[in-house]
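> Quick one: this structure, given as structure tokens, is what I'll be asking you about.
The values are calculated or read from the model by the stated rules, or taken from the named source; none is laboratory data. What you see is a predicted model; the values in this text were computed from it and never measured. Here the Cβ is made from the backbone with ideal geometry for all residues, glycine too, and neighbour counts use every protein chain on show. Accessible surface is based on the protein model in full, side chains and every heavy atom, while ligands, DNA and RNA are left aside. Shrake-Rupley method; radii C 1.70, N 1.55, O 1.52, S 1.80 Å.
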Amino acid sequence: MEKTRQYGKITTPVIAGAALLAGTLDLATSLIAYTLRSGRPFTDILLFISSAIFGPAAFSGHKAMPWFGVLIHYAIAFVFTTIFFLIYPMIRKGIRNTFLIAVLYGCFVWVIMNLVVLPLTHVKPVPITTQGVVIGAVILILMIGLPLAIIANRVSKPATT
């Protein structure tokens, strides 16, 4: 039987740091993958993110638009990180494998973003393909789910006596 975990150690600074880490890993990996696959500039992704709020105006050439994309991306990362740490104690009761938690949460983020959030925004719909799903889900699993699961596991470990 697992000793009692210390979920009280999951504090706002831990969540904020985890969100910055996961958001940075996800954004950097997505930008690199996009640039390598398409040969287009990485700012296209940042403009796409901005278009969620600004619609076609995001592609107007305004120099602030890529930065709005970065800001929106990190805001979303903070929301998903906060949700993860709020539900982690419940998840951990049923699933003790950190990697499995990461896989499930990465897939959860993909589903929510692609099937719920994006359709509610101003972004131009992107066709869902097998390759796109696999690449997107793997990035989310490895760059968001895994870091968050590892951090939560380490921070909440039972005290050794």
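> If only one of Pro56, Pro127, Pro119, Pro41 is open to solvent by 80 Å² or more (accessible area, probe 1.4 Å) and not in a helix (DSSP H, G or I), which one is it?
Pro127
> Find the residue count for segment 151-161, including only residues that are closer than 14 Å to Ala19 by Cβ and open to solvent by 20 Å² or more (accessible area, probe 1.4 Å).
Final tally of qualifying residues: 2.
> Only one of Leu31, Leu27, Leu47, Leu104 is at pLDDT 95 or above and open to solvent by 70 Å² or more (accessible area, probe 1.4 Å); which?
Result of the check over Leu31, Leu27, Leu47, Leu104: Leu104.
> Also, I was wondering about something else. Inspect segment 75-82 for any residue being over 12 Å from Gly145 (Cβ atoms), among the hydroxyl-bearing types (Ser, Thr, Tyr) and open to solvent by 70 Å² or more (accessible area, probe 1.4 Å) and give the result as yes or no.
So far as segment 75-82 goes, no, none of its residues is over 12 Å from Gly145 (Cβ atoms), among the hydroxyl-bearing types (Ser, Thr, Tyr) and open to solvent by 70 Å² or more (accessible area, probe 1.4 Å).
> Next up: Just a yes or no: is a residue in segment 50-63 free of Cβ contacts under 8 Å to residues at least 60 places away in the same chain and β-branched (Val, Ile, Thr)?
So far as segment 50-63 goes, no, none of its residues is free of Cβ contacts under 8 Å to residues at least 60 places away in the same chain and β-branched (Val, Ile, Thr).
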